[in-house]
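> To start, I am sharing the structure in question, which I have written as structure tokens.
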Amino acid sequence: MQDNTLDLRPKLLKKLHPFMLGIVLIALLAVLAPVSYHNPDKKAYTLLLAFLFILLLVSLFVLRKGYYLFSAFLIVAVAFIGTWASFLINSRAVLCDFFPLVYITGSIILSSLFLPIAATFAVIASHAVLLVLVVLKTPILQTQNWPSFFIFILFVSLLSTIANHLIKTQINQLQESSIRDHLTGLFNRRYFEETLKNKLKRVQSVNYSLGILLLDVDYFKRFNDTYGHDAGDAVLIELSNIMLHHFDISISICRYGGDEFAILLPKTQKEELMLLAETLVKKVRNHVVMYKGKSLGSMTISCGCAIYNHTTEDITEFIKRADQALYQAKEKGKDQVSGY
């Protein structure tokens with residue numbers, strides 16, 4: 001699960017739709033009732049603006065259905081098609097001028113803001129090819145200051161692309177930090193509970209097994225008291241690395257809090273879950289923890305396992321069963337696995 005609460009682009013895109021719809025409507029009114037501007041082809045402009053209005057409505061509809069990227073592509077398409085189609089209509093009326101092509105910057109800015117960077121480069125390249133063709137095929141435009149216009153478009157393209165790439169990078173970093181534990185690099189408790197909540201919804205609708213492990217380090221306080229808290233941190237990092245190598249990459253491993261860890265295993269039966277836990281306990285027991293070149297000895301862990309029983313139990317009850325199993329493992333002497 002990827003948490004997107006920090007990414008405000010879908011909300012921004014949603015707010016952008018009414019403004020763009022308003023712009024198209026104003027342009028349509030100007031075409032139908034011109035005040036001081038002689039329209040070269042009223043019918044063509046009316047059809048173009050009607051088409052763009054429909055594209056915007058479709059973009060708004062798919063965004064409400066949750067298809068952000070498709071909606072963003074449609075928004076960029078509106079700006080792209082609107083710019084070049086209106087230029088084509090003007091050029092057919094022998095009104096060749098670079099000014100309408102200033103709106104090229106609109107589709108570039110929108111693309112850099114809402115689309116992946118590869119798509120933005122594709123939009124810029126498409127504009128560049130069309131601009132070159134326009135200059136080559138339209139002699140009257142060769143008399144205008146087209147090099148300055150090209151430099152202006154290039155400047156806007158680079159500036160908007162770099163700025164928005166930096167923004168997207170920062171958003172990704174913030175999202176990553178919001179779901180990761182700063183010490184071990186594992187997912188945090190928030191991620192585990194949100195992911196488990198989503199998995200339980202799927203379990204209840206289909207025949208889908210789901211298991212969780214709760215584990216902690218036996219006598220962890222001794223490491224802190226004997227060697228210091230930095231050494232205790234080293235123990236947690238070492239255990240995290242062992243688990244990352246022990247479990248498949250598709251399995252979510254989380255630091256639940258302190259020296260306690262939670263592991264979410266989809267499509268796992270009880271026998272497989274117990275075997276994985278017992279193998280992990282043995283692997284940890286046989287591992288020697290090193291800190292600053294010195295051995296801290298071996299550590300042991302206790303594990304509690306639980307398989308979702310497809311009843312009406314909620315996330316709290318499910319985690320509680322695994323926690324009770326962990327408590328039983330502790331009561332039986334630690335360094336072992338207990339489960340339901």
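The values are calculated or read from the model by the stated rules, or taken from the named source; none is laboratory data. Predicted, not measured: the structure shown is a model, and the values here were computed from it. Reconstructed Cβ throughout: ideal geometry from the backbone, glycine too, with neighbour counts over all protein chains shown. Note: accessible area is taken over every heavy atom of the protein model, side chains too, but ligands, DNA and RNA are not part of it. Shrake-Rupley method; radii C 1.70, N 1.55, O 1.52, S 1.80 Å.
> What's the angle, to the nearest 10 degrees (0 to 90), between helix 104-114's Cα axis and the longest principal axis of the chain?
10 degrees
> If you don't mind, there's one more thing I want to ask. Can you give me the pair-distance distribution of segment 8-178, C-alpha pairs, 10 Å bins, whole percents?
9, 34, 34, 18, 4, 1
> Note down the relative contact order for segment 189-339 as a percent, whole number, built from C-alpha pairs under 8 angstrom at least six residues apart.
Numbers: 240 pairs, mean separation 44.4, N = 151.
Across segment 189-339, relative contact order equals 29 percent.
> Using the Cα centre as the reference, give the magnitude of the dipole from point charges on the C-beta atoms of segment 189-339 (Lys, Arg: +1; Asp, Glu: -1; all else neutral), rounded to the nearest 20 debye. Before the final figure, lay out each step's value.
Values: 21 positive and 20 negative charges, 29 e Å.
Charge dipole of segment 189-339: 140 debye, to the nearest 20.
> I would also like to ask the following. Among Tyr208, Ser160, Ile171, whose Cα lies farthest out toward the positive end of the dipole of the chain, if unit charges sit on the beta carbon of Lys, Arg (+1) and Asp, Glu (-1)?
Final value for the positive-end residue is Ser160.
> With every protein chain kept in place and ligands, DNA and RNA left out, what is the accessible area per residue of segment 8-178? Probe 1.4 Å, answer in Å². Numbers along the way, then the final one.
On the way: 9950 Å² over 171 residues.
Counting only protein heavy atoms, the per-residue value for segment 8-178 is 58 Å².
> Here is a further query. Arrange the residues Val288, Val281 by how much accessible surface each exposes, largest first, with a 1.4 angstrom probe.
On the way: Val288 75, Val281 5 Å².
In descending accessible area the options line up as Val288, Val281.
> Would you work out which of Trp146, Val31, Tyr256 lies farthest towards the positive end of the dipole of the chain? Charges go on Cβ: Lys and Arg +1, Asp and Glu -1.
With unit charges placed on the Cβ atoms, the residue in question is Val31.
> Express the relative contact order of the chain as a whole percentage, based on alpha carbon pairs under 8 Å and six or more residues apart in sequence.
13 percent
> Accessible area per residue for segment 189-339 in Å², computed with a 1.4 Å probe and the full protein assembly in place, what is it? It would help to have the intermediate numbers written out before the result.
On the way: 7640 Å² over 151 residues.
Per residue, segment 189-339 has an accessible area of 51 Å².
> Once ligands and nucleic acids are excluded and a 1.4 Å probe is used, how much of Asp225 is accessible, expressed in Å² to the nearest 10?
100 Å²
> Relative to the first principal axis of the alpha-carbon coordinates of the chain, what is the inclination of helix 146-179, with its axis defined by its Cα atoms, in degrees from 0 to 90 and to the nearest 10?
20 degrees
> Please compute the length gained on full extension between Glu317 and Glu194, using 0.36 nm multiplied by the number of residues separating them and subtracting their Cα-Cα distance. All intermediate terms of the calculation are to be shown ahead of the outcome.
Values: separation 123, 0.36 × 123 = 44.28 nm, distance 1.49 nm.
Full extension from Glu317 to Glu194 adds 42.8 nm.
> If you put +1 on each Lys and Arg Cβ and -1 on each Asp and Glu Cβ, how big is the dipole of the chain around its Cα centre, in Debye rounded to 20? Kindly include the intermediate steps, with their values, before the conclusion.
On the way: 33 positive and 26 negative charges, 167 e Å.
The dipole magnitude comes to about 800 debye.
> Between Gln170 and Phe121, what is 0.36 nm times their sequence separation minus the Cα-Cα distance? Round to one decimal in nm.
Details: separation 49, 0.36 × 49 = 17.64 nm, distance 2.00 nm.
Roughly 15.6 nm would be gained on extension.
> I'd like to know which of Thr316, Gly297, Met274 lies farthest towards the positive end of the charge dipole of segment 189-339, counting +1 on Cβ of Lys and Arg and -1 on Cβ of Asp and Glu.
Met274
> Give me the one-decimal nm value for the distance between modelled label points at Tyr327 and Arg92, 7 Å along each residue's Cα-to-Cβ direction.
7.8 nm
> Give the ranking of Glu238, Glu194, Glu271 by solvent-accessible surface, highest area first, calculated with a 1.4 Å probe.
Working: Glu238 50, Glu194 70, Glu271 135 Å².
The ranking, largest first, comes out as Glu271, Glu194, Glu238.
> Residue separation times 0.36 nm, minus the C-alpha to C-alpha distance between Phe247 and Ala163: what's the value?
Full extension from Phe247 to Ala163 adds 26.3 nm.
> Too long at a 32 Å Cα-Cα cut-off: which of Lys294/Lys330; Lys42/Lys137; Lys292/Lys320?
Lys292/Lys320
> In what sequence, largest accessible area first, do Thr300, Thr226, Thr279, Thr195 appear using a 1.4 Å probe?
Largest to smallest exposure gives the sequence Thr226, Thr279, Thr300, Thr195.
> Where the accessible area of segment 252-324 is counted over protein heavy atoms with a 1.4 Å probe, how much of it, in %, is carbon and sulfur? Could the numbers behind the result be given before it?
On the way: 1860 of 3550 Å².
That share works out to 52 percent.
> Taking 25 Å as R0, compute the FRET efficiency from the Cβ-Cβ separation of Ile54 and Leu32 and round it to 0.05. Mind showing how you got there, number by number?
Values: r = 17 Å, r/R0 = 0.69.
Taking R0 as 25 Å, the efficiency between Ile54 and Leu32 is 0.90.
> Give the label of the value calculated from the structure for Cα extents along the principal axes in Å, choosing from [x] 55, 52, 41; [y] 60, 45, 39; [z] 90, 50, 27.
[z]
> Which far-off residues, 5 or more places away or on another chain, put their amide H under 5 Å from the one on Thr268, with H placed in the peptide plane?
Ser209, Leu210, Gly211
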